[in-house]
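Chemist: Handing you a structure now.
The values are calculated or read from the model by the stated rules, or taken from the named source; none is laboratory data. The shown structure was predicted, so the numbers you read here are calculated from the model rather than taken from an experiment. Here Cβ is always computed from backbone atoms with ideal geometry, including for glycine, and neighbour counts include all displayed protein chains. Calculation scope for accessible area: heavy atoms of the full protein, side chains included, ligands and nucleic acids excluded. Shrake-Rupley method; radii C 1.70, N 1.55, O 1.52, S 1.80 Å.
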Amino acid sequence: MNQQLVDNFGRQISYLRLAITDRCNLRCQYCMPAHGIDIVNRNELLTYKEMYRITRVLSELGVNKVRLTGGEPFVRKDFMSFLEMLDFNDLLDEINITTNGVLISKHLEQIENLKVKSINLSLDSLNREKFKTITRRDQFDKVDEALDLLENSKLNLKLNVVVQSGINTNEIIDFVELTKHRNIAVRFIEEMPFNGTGQKQTDEVWNYNKILSEINGGFTSIEKLIDKKSSTSINFKVDNYKGTFGIIPAFTRTICSDCNRIRITATGMFKNCLFDDGVFNIRKFMRGGASNDELKDLFLKLVARKPKDGFVAEVNRSSDVSESMSTIGG
Ligand code: SAM
Ligand code: SF4
């Protein structure tokens, strides 16, 4: 058997999250400041060829699933051509995309013909005005259209909702109610301080337990589902509802023991954990002339050092958590 990416805790890495760009067409309050982030020069972004090469090398080491994220993947020029290119990698079983949905609709047919299995659509409010306040852009109709089209497509649809104290917590029940007649997996994400400025002060902490207790208060019969191995969400279903809901304990980090993921940022920083501050610049290594064998050796060594959990990763950082999710690749 080929060499596989296994860390010192025996976790096998099979899932890459790759940030296509640090740019975005929205300005979500929990992700970046109103003026946006300091985007990097174009030549500091990985090229599509570099992304393809990284993915190919990783897939030869056992990565069989890639999630494309950002920033907003669809704002980068020629993203669809890159998707077609990635589809050629016969070692990949699954390509998934996380998007805000503003630009996806016209590409859906093409996407359905590739090995894209699932789209995570981010939507934090069902109310147009509130959506505008959260994202600081008036694009609700486009996202709503994408939601309808995705629901009726061959693709699995997951709806990502970042739970923001005092902003959209009164819509948690409405989001679960969406799953009554619609085959959607709604996933509530604990808000993290990755917003370009750092930890916010809030009156209430909306963690996994509080989100679940809010939902329990609204429904009489909720069933716990069996989660897939390495699932990022803990999943449930309201009895007799068509869709499901889940909670992603992104901040309380209770799912790390089963983690199968690594990340590459848009500038080519390798991350073993969402909470580390980037452990190696792959872009510089490749541009310095590294061969594929050297890349493989590097990945094997880096993964071996994956921290036990997100708390250890955070302690090892050189600065506090404050960078934007858009630069990390959420
Ligand atoms: N632009 C795309 C989107 O919004 O879906 C992809 C990138 S975005 C950074 C990926 C995911 O991270 C989205 O679901 C977003 O809601 C989530 N996210 C961003 N900032 C976050 C934060 N501070 N805490 C929790 N989730 C966050
Ligand atoms: Fe853009 Fe996604 Fe961040 Fe919102 S969460 S600002 S859509 S990258």
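Chemist: What are the pairs with Cβ atoms under 9 angstrom where one residue, in the stretch 197-219, is exposed (fewer than 12 other Cβ atoms within 10 Å of the Cβ) and the other, located anywhere, is in a helix (DSSP H, G or I)? Sequence gap at least six, or different chains.
Modeler: Listed pairs, sorted by first residue: Glu204/Thr169; Glu204/Lys210; Gly217/Ile173.
Chemist: Right, something else. Quick one: in the stretch 101-123, which of the residues that are open to solvent by 10 Å² or more (accessible area, probe 1.4 Å) and within 12 Å of ligand 2 (Cβ to nearest atom) is farthest from Phe82 (Cα to Cα)?
Modeler: The residue in question is Ser122.
Chemist: Turning to a different aspect of this structure: Which of (1) in contact with a strand residue (DSSP E or B) (Cβ under 8 Å, 6 or more places away or on another chain); (2) within 30 Å of Ala19 (Cα to Cα) does Ser221 not meet, given it meets every other one?
Modeler: (2)
Chemist: Considering the stretch 57-94 alone, what residues qualify as being within 16 Å of Ile262 (Cβ to Cβ), within 19 Å of the chain's Cα centre (by Cα) and of a type in the set (Val, Ile, Thr)?
Modeler: Val63, Val66, Thr69
Chemist: So which residues in the stretch 36-69 are within 15 Å of ligand 1 (Cβ to nearest atom) and more than 21 Å from Glu323 (Cβ to Cβ), if there are any at all?
Modeler: Within the stretch 36-69, just Val66 meets the criteria.
Chemist: If a residue must be among the polar types (S, T, N, Q) and farther than 15 Å from Leu274 by Cβ, how many such residues does the stretch 296-318 contain?
Modeler: Of the residues in the stretch 296-318, 1 are among the polar types (S, T, N, Q) and farther than 15 Å from Leu274 by Cβ.
Chemist: Also, quick follow-up: Using the structure shown, decide if Arg17 is surrounded by 17 or more Cβ atoms within 10 Å (Cβ to Cβ) and basic (Lys, Arg).
Modeler: yes
Chemist: Looking at Asp293, Asp309, Asp277, can you tell me which residue is within 16 Å of ligand 1 (Cβ to nearest atom) and not polar (S, T, N, Q)?
Modeler: After ruling out the rest, the residue left standing is Asp277.
Chemist: Can you name the number of the only condition in (1) within 17 Å of the chain's Cα centre (by Cα); (2) touching a residue at least 40 places away in the same chain (Cβ under 8 Å) that Ile234 fails?
Modeler: Only one criterion in (1) within 17 Å of the chain's Cα centre (by Cα); (2) touching a residue at least 40 places away in the same chain (Cβ under 8 Å) is unmet by Ile234, namely (2).
Chemist: For the stretch 11-53, enumerate the residues that are of a type in the set (Ser, Thr, Tyr), more than 23 Å from Ile255 (Cβ to Cβ) and more than 16 Å from ligand 2 (Cβ to nearest atom).
Modeler: From the stretch 11-53, those of a type in the set (Ser, Thr, Tyr) are 14-15, 21, 30, 47-48, 52; that's our starting set.
Narrowing the set further to residues that are more than 23 Å from Ile255 (Cβ to Cβ) leaves 21, 47-48, 52.
Within the stretch 11-53, Thr47, Tyr48, Tyr52 meet the criteria.
Chemist: Same structure again: Quick check on Arg283: is it more than 28 Å from Ser231 (Cβ to Cβ), open to solvent by less than 60 Å² (accessible area, probe 1.4 Å), basic (Lys, Arg) and touching a Ser or Thr at 6+ places or on another chain (Cβ under 8 Å)?
Modeler: So Arg283 passes the test.
Chemist: Scan the stretch 153-192 residue by residue and report those that are in contact (Cβ under 8 Å) with a residue 40 or more places away in the chain and under 20 Å from Ile255 (Cα atoms).
Modeler: Matches in the stretch 153-192: Lys158, Asn160, Val162, Val163, Ala185, Val186, Arg187, Phe188, Ile189, Glu190, Glu191, Met192.
Chemist: Here's a check for you: in the stretch 10-35, which residue that is charged (D, E, K, R) and over 15 Å from Glu323 (Cα atoms) is farthest from ligand 1 (Cβ to nearest atom)?
Modeler: Step by step, filter the stretch 10-35, then rank; the result is Arg11.
Chemist: While we're looking at this one, here's another question. Does at least one position in the stretch 174-196 carry a residue that is open to solvent by less than 10 Å² (accessible area, probe 1.4 Å), assigned to a helix (DSSP H, G or I) and modelled with pLDDT of 95 or more?
Modeler: yes
Chemist: For residues in the stretch 288-330 being of a type in the set (Lys, Arg) and free of Cβ contacts under 8 Å to residues at least 60 places away in the same chain, which is nearest to Glu60 (Cα to Cα)?
Modeler: From the stretch 288-330, those of a type in the set (Lys, Arg) are 296, 301, 305-306, 308, 317; that's our starting set.
Retained after the next criterion (residues that are free of Cβ contacts under 8 Å to residues at least 60 places away in the same chain): 301, 317.
Values: Lys301: 15, Arg317: 30 Å.
Top of the filtered list is Lys301.
Chemist: Another question about this same structure. Tally time: how many residues in the stretch 137-170 are buried (at least 19 other Cβ atoms within 10 Å of the Cβ), out of contact with any Leu (no Cβ under 6 Å at 6 or more places or on another chain) and in a strand (DSSP E or B)?
Modeler: 5
Chemist: So, in the stretch 273-330, exactly how many residues are basic (Lys, Arg) and at pLDDT below 90?
Modeler: Within the stretch 273-330, the subset basic (Lys, Arg) is 283-284, 287, 296, 301, 305-306, 308, 317.
Cutting the leftovers down to at pLDDT below 90 gives us 317.
Counting residues in the stretch 273-330 that are basic (Lys, Arg) and at pLDDT below 90 gives 1.
Chemist: In addition: Scan the stretch 286-313 for residues that are open to solvent by 20 Å² or more (accessible area, probe 1.4 Å) and under 18 Å from Tyr30 (Cβ atoms) and jot them down.
Modeler: Listed by number, the list is empty, since nothing qualifies.
Chemist: Additional query: Quick one: count up the residues across the stretch 202-218 that are hydroxyl-bearing (Ser, Thr, Tyr), in a helix (DSSP H, G or I) and out of contact with any strand residue (DSSP E or B) (no Cβ under 6 Å at 6 or more places or on another chain).
Modeler: If we filter the stretch 202-218 for residues that are hydroxyl-bearing (Ser, Thr, Tyr), which is where we start, we get 202, 208, 213.
Checking which are in a helix (DSSP H, G or I) leaves us with 208, 213.
Cutting the leftovers down to out of contact with any strand residue (DSSP E or B) (no Cβ under 6 Å at 6 or more places or on another chain) gives us 213.
Counting residues in the stretch 202-218 that are hydroxyl-bearing (Ser, Thr, Tyr), in a helix (DSSP H, G or I) and out of contact with any strand residue (DSSP E or B) (no Cβ under 6 Å at 6 or more places or on another chain) gives 1.
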